[in-house]
Structures are given as C-alpha cells and as structure tokens.
1. Test of understanding: extend the Cα→C-beta vector of B:Gln180 to 7 Å, then name every residue of segment B:202-223 with backbone N under 11 Å from that spot.
2. Separation between the A:Asp311 and A:Ser447 pseudo-spin-labels, each 7 Å from Cα along Cα→Cβ, expressed in nm?
3. Estimate the FRET efficiency between A:Thr127 and B:Ala101 by the formula 1/(1 + (r/R0)^6), using the beta-carbon distance for r and 56 Å for R0, to the nearest 0.05.
4. For peptide B:51-58, how many partner chain Cβ atoms fall within 10 Å of a residue's Cβ, on average?
5. Using Cα pairs closer than 8 Å and at least 6 residues apart in sequence, work out the relative contact order for chain B, in percent.
6. Residue by residue through segment B:61-68, what is 3J(HN,Hα) from phi via Karplus (6.51 cos²θ - 1.76 cosθ + 1.60, θ = phi - 60°)? Round to whole Hz and write x for glycine and proline.
7. Mind pulling the angle between the C-alpha long axis of helix A:112-123 and the longest principal axis of chain A? Nearest 10 degrees, somewhere in 0 to 90.
8. Enter the angle in degrees (range 0 to 90, nearest 10) between the Cα long axis of helix A:2-27 and the first principal axis of the Cα atoms of chain A, meaning the one along which they spread out most.
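The values are calculated or read from the model by the stated rules, or taken from the named source; none is laboratory data. What you see is a predicted model; the values in this text were computed from it and never measured. Virtual Cβ from ideal backbone geometry, glycine too; neighbours counted across all protein chains shown. What goes into the accessible areas is simple: the full protein's heavy atoms, side chains included, and nothing from ligands, DNA or RNA. Shrake-Rupley method; radii C 1.70, N 1.55, O 1.52, S 1.80 Å.
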Amino acid sequence: MATTALKATARRLLAGGVCLAAAGLVAAPALAQSITVVREVDSDRYDPHRSTARAASEVLFMVADTLVSLDYDMQTVKPGLAERWEVSDDGKTYTFHLKDGVKFCDGKKMTAADVVYSLKRWIDPATKSPVAWRAGEVEDIVAVDDRTVEYRLKAPFSELLYQLTQSFAVVIDQATVEKLGGDFGVKGFNGTGPYCWVEWRPRNDLKLARNPDYNWGPPIYENTGPAQVEEIVWKIVPEENTRMAAVATGQSEITQYVPYSTLNTLRANPQLLVSQSDAAFWTYFAGFKIDREMVSEEAVRQAMVLAVDQDAIAENLYFGEVEPAHSYISQAALDWDKDLDDKLIRTDVEKAGKLLDEAGWKMESDGFRYKNGKKLSPVAYSFAGSTWQKLMEAMQGDLRKVGVDLDIQAFDATIAWGKMATQEFDVFGMSYPYISAGDALNLYFRSANTPTPNRMNWKDPETDELLDRGKAALDPETRAQAYGKVLEKVHQAAVWIPLYHEPMKLVQTKKLAPVKPHNIYGCGLYKGLDIKFQ
Amino acid sequence: MNATIEDVPQRRSAFRRLFRDGAALLALAVLAVIVAAALLAPWLAPHDPFATTRQPLLPPVWNEAGQWAFPFGTDGQGRDILSRLLYGSRLTLLMGLLSVAIGGGIGMVVGMLSAFYRRIDPFIMRVVDVLLSFPAILLGLAVAAIFGTGVTAIIIALAIATIPDVARVTRSAAVVVMGQDFMEAGRAIGLSDATLIRRYLALNCISSVFVFLTLRFGQVILIGAALSFLGLGAKPPSAELGMMAAQGRDFLFFAPHVATIPSLTIFLIVLCANMVGDALRDVLDPRLRR
C-alpha cells in the first residue's frame, strides 16, 4: 500500500515537474535552472581552515579554488589557480605561477598576496586549524610578484602538491574574513570558485549561485568556463529513505547520499542514472588498540582478521555495492605496494581457530574461548547509527564462529569521538578518506599521533623513520619504497580489520548530462563544472 | 465498597465474569501463547538467533521466494527472524514484567506510606509530581547516560517512570481505606503500623494497583521498545523486539517483513495486555460494577 501511495506521489510530482520544465522552456532558455543536491549532514561552518567535515569540503570546492587540482585518477596533479609550478632540486621550494584574470566573487582581482594570506592563515597557530599539519613544515610563503608565489619548506614534503588540492588550501579573500570575523563561512564567503555563496540556513539548506565570470577551471573538466547551471542548493535531508524518494521523484537532481539497498531500485528507474568511480578512496576498518591485554597478541589479532568475512559483509549489508577490503588503503591508491597483493590476510575461519588454539585460547562449552579463566571478549567502541551498528553486528556474528565474543558499545556521534580518544577499549570502528598511501599512513601510524588518530597506539621507531623518509623523499620511487615498507609492517602486524572500500556513487536524473564522480575527500561533485541540463 | 478481603465468593464470580468476556478471554489466550512461546524459546526456536548466514533478507514463507527453513524469513544479517522473535519477546516481556514489578512495588509502598503518615504526605506527593513531569523517554535517556545503554538501564528507567503513577493510584485507594472503621479498630487493639499497613492497607489496595499495573504493562513495553528503537536498549547481538524493528527500518521499501513482524508482535502484546487490563478493571473495580 505504501508503495502505491509513493508511486502515486511520484507520478504527481513528475507531472508537476514536466509542467515546470515546460514553463521554464518558455520563460528562459538554456541557463535558467537550479539544481538541488540532497545530503545527510551539514557542517558546523564553512571556514576552510576550521572545518574538516566532508560536508564543508563539498561546498568549499565549489565556492573557492586551490592552487592545484587533482585528476579523477587521484594520482595526477593538474593546474588550478596556478597554471604551472616548479619544484627546486632540494624539494624545499615550490614556485607557483598564477593564472591571469582570476577574480573573487565580489569582482576584486585575485593576486599572489591573497594566496599567501590564505595559506598563512591555514598554518597560523592563532587559527587553530586541526589540519595545519597538512601544509608541511613551512618556512615561509611569499609573493614574489602579483602572479608568483613561493612556498618554502624547512624539509622536503613529497605530499605537498596532493595536500594543496584539498579544500583546506583554497584561496579566500582577506577583507571578507576580517569583515565577518567569526561569521566567516557562516554568514558569508568570498572565493574565486565557479559558484558564489548566496545564503546558508544551518541544518536546512545552502544556496550557491553561478559565477558568470569564471573561466579558470581546472583542465580535468571539459568545461573550464562558467558553471552550466544557475544555482545549486545543498539541502539537508537526514533520513536516507527520504533522500532516496527525493531523487526518485525529481525533488533532487543529483546526490551521492542514497542507501546502497535502494541503488538497484534506482537503477531500474528509466529516469535516473547511477554512476560510480573506478576506484574507492574511503575505507572502513576496525582497529585494535594493540597494547591492551586482550588484543596484544599478534596471533589473536590475526585470527580475528581471518574470521571476518568481508565478502559476506559487502554482499549482505551493502548488496555488493562496495569493494570488500583486505588492505588498509585502496589497492589503486598512489604508492600502494603491489607486492602486498598476495600477502593480504583473506577470510579463513579454520585457520583463525587454529591460531587461537595455539595461542592458548581454548573453546569452552558455551561456544566462547577462555584463557586462564578469562573470556575472549574484546570491547568494541562504535558509532551508534545504522551503518556502524550493522557493521559491528556482522563482525560480531563472524567472530562468534571462532569463539570470540565481541562486546559492542555504541555511542552517539557527539560523544563517540571523545570515547574513542580514551584508552578503555580494545577495538574501534572508523572510516576515512585519503588521497595516497602517504596521506593515510602519516595520519594513522605516527607515534606522535597517539591517542588520536593513532588510536591503535602503534608506536614504532622504524615506522616513524620510514614515514619521515617517505615524506622527505625527492623522487616518487624512494617515497613509494618507504611507504611500501610501512604498509607491509602494519599489515603483517594485523593492527586493523579492513572492512570495505567505498566507491563514489552518484545518482542523478537523466535530465542532467552524466556527471563523473570524483573521489577527492569523498566529495563526488568536486567543482561541479560538468553539471548541466541536457 | 469495602471489605473485599474475606469476600471470597464475590471474587470467584469476578473471574467467572472475566471469562464471560469473549474478547478479554481471547486476549488472555493470545498473551498466554506469546508468553509460553517466549518461555520455551530455546526449545521452539528452529535456529540460533545470533547465527548469521549468507542468506540475508529472505522473505517469509507466504511470499513465493520464502523457505520453510526460515518461516518468517531472515533479517539484514541473515539471522532467522522467527528465532529472534521468540528470544526477543522473551527479553521484551521480561523487561516489561521486571520494570512493572519493581516500579509497582516501590510505588505502592510510597503511596501507602504517604496515605498512612499524613505528615510526610505533602512532601512525598510533591516529589511524585516532579517525577511525573518527566516523560519516560527522557528519563530513559538520562538513565542510559548514567548507567550506559543496555536492558538494565531500560528496566531502571521504566521502573522509575512507573513509580509516581503507581504511588498516586495507591495513595488515592489507601486514603479511602484509611477512613474505614477497621483501621481505627486495628489501631485500638494495638496492632503495629507495619502490621496495619501489611495486612489491612496493602490487601485492600492491591486490586486497584494490580489493575493499573496490568494496563501499565502494555505502556511500559511500548516505551521500552521505543527506547530500544532509539538504540538505548539491548546490546547486539541480543534480540529485542524494538531493536529488531529499528534494524528493519533500512529495508522498509523492499523487505518490509524485517520491521513489520517484530512491530506487529509488539502491537499484539500491548493490545492483549491492555484488553486484559481493561477487563480486569471492569470486574475488579467495585464502582464500575454497579
């Protein structure tokens, strides 16, 4: 009954849509359109240096530009605001040559001084940016002339160009920042992006309007000129089935936030197009706190990794829409070590049981394992909410089969982050976006990064040294080699249970030309320059 | 209106009247079946309720694609819904019963004390007023914040939420009993306060409290399921009806049975409990009898 009602509504809405479209055709040709993108959560603000949420980056990529851009392959750095750049032989000085004629949304000309201001604000301790480390160890950033910026580092940083493609490195207007103060990125914004900030109603919607003068788009797009729709409205719809209904009924033209369970239904809908990125750069994993008694033995951790059936999880919970993960980062990521492909731990319940037996954990009549009277029952901290609850339960089900009793404790997102910064759990669930092996490894496996994000307490001098070597590498081979060694180390020690890699999926109406999903920071629309009505 | 203690013949006829009420009898029978099924869950359940399989979201047998091995189909993790339902009703019923028993017991004592010792009456009743102003769900959230989530937290929350209502009902019944001559007489022959409360006050209040608790049982289960639905209840993998409904929410569009079967069970339990409670009130409340 509910379905018929829904279908009726859909039909009615569709009819309405057709009328509206017809009216639009009469009123104004070509560009008079607005599109609505539904998404799950809003950001607390849209200040590039103070917001690390994906929700913030989604908008920042559209309202502002970075010096360099990232191609769809997630490996090739392409021009952005800089038309070209040079790196000194010692890897410490990057010289960026800016494009001519770039203007802010308010019409002011953008110069090298604006770039310097933005990047310096990012690393200024007063800004308290949680992602300042991504800029590397900066000695100074100077404007040589109006169109040349010199980025000087204390030590080489092989990841720099990749980090500069992120939304934290966008160029913003100093006058606007100073005028708005704490309201910057809340009540207003001024960038050089293909879209301009119009109005934000927190937890409701954020309106962006086309920047008509834009012609400095990154070359990864066919269209590097002005955006091809008049207006983009980012609308918050927290309930996943409602978002699904919104794209199915045409209330939203495009979104990446629909439940996997409904993708097949949406694919069958002749008015919709579901597209997917080639690789996946968002990984879900469960990490072990390796200095906790219960999971301190490598064999126990390995057994738990062996017990979890990633293929079943991808199939059962995600309808085969995600890529089962056996590696900690995507095997398509920059600097992934191909030699590890055959060494990854794959599901093997029997071997898991054997390992536990050898480690002295004996199966008792209640179906669980004990050692010295202690039950093998690791405490797992997780986010409450359907995604993690389902994942944790699936893992729990798999671990039961080998006699491990996973004790799941789920917390609301507001307290979960704090809980996961403590030392009181054995396992934690987490997911994260990354560009490359270096990006992921430097974040999670540096001993300086305990207690978060290195919640595993992985403290290994050799890892630190290898990470430093990779970071300071002057050529890609040295870098790949150093990071490859770290990858091998951590995979061997079984510090994570990798669960799945999430590819970027976009659902869009066929009224729009096909939009190619990008993986950068999980923001599928990236700059939105290819969004247009057919 | 008074003297119900030694009135055995009348009580027997009360039960006869209860059995004459067809709807109530049916409700009682359904409830009995559910309780029996829940109690016998370990013997009745065809599968391990926690064992995951690689056949998720299997439809129930009345659908063409259903399998007799899983009569009610499987949930999102491939677990047998029938088995989970049996174990789930167990937990749900236990949750309802315990919280009503604990809350009812404490509430009754508080209500009787309040009626017996008039000096502390205003104080107790103001505390009860304060407690009454908290919605049960809010109480549940607060308790979960203190004790962590889990069945125990839910039972505590529901028991606390039950206390003020029961205290009120008990007090109003007890105040009437306190005005009776036999209480005065008991005091005159030197019975202690404890004996008076236990033997005369309590026994004369219990029928109205019992009726109230029967009705409350349904509400408590509903609120408990709601708390569980919000993720404050039973810890996975244990099955609980409200939690099962919550887990089925994601599949509502194409596998509605995962959410609807446990929801219907909750509905059935609550409906039956309320009908039985209603019928009990009809036969036990002397004022309605006339």
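1. Once the point is set 7 Å along Cα→Cβ of B:Gln180, B:202-207 turn out to lie under 11 Å by backbone N, inside segment B:202-223.
2. Label at A:Asp311, label at A:Ser447, 4.0 nm between them.
3. E between A:Thr127 and B:Ala101, to the nearest 0.05, is 0.45.
4. 4
5. Values: 445 pairs, mean separation 67.8, N = 290.
Reported as a whole number, the value is 23 percent.
6. These are the phi-based 3J(HN,Hα) values: 4, 6, 8, 4, 7, x, 10, 5 Hz.
7. 30
8. It is inclined by approximately 30 degrees.
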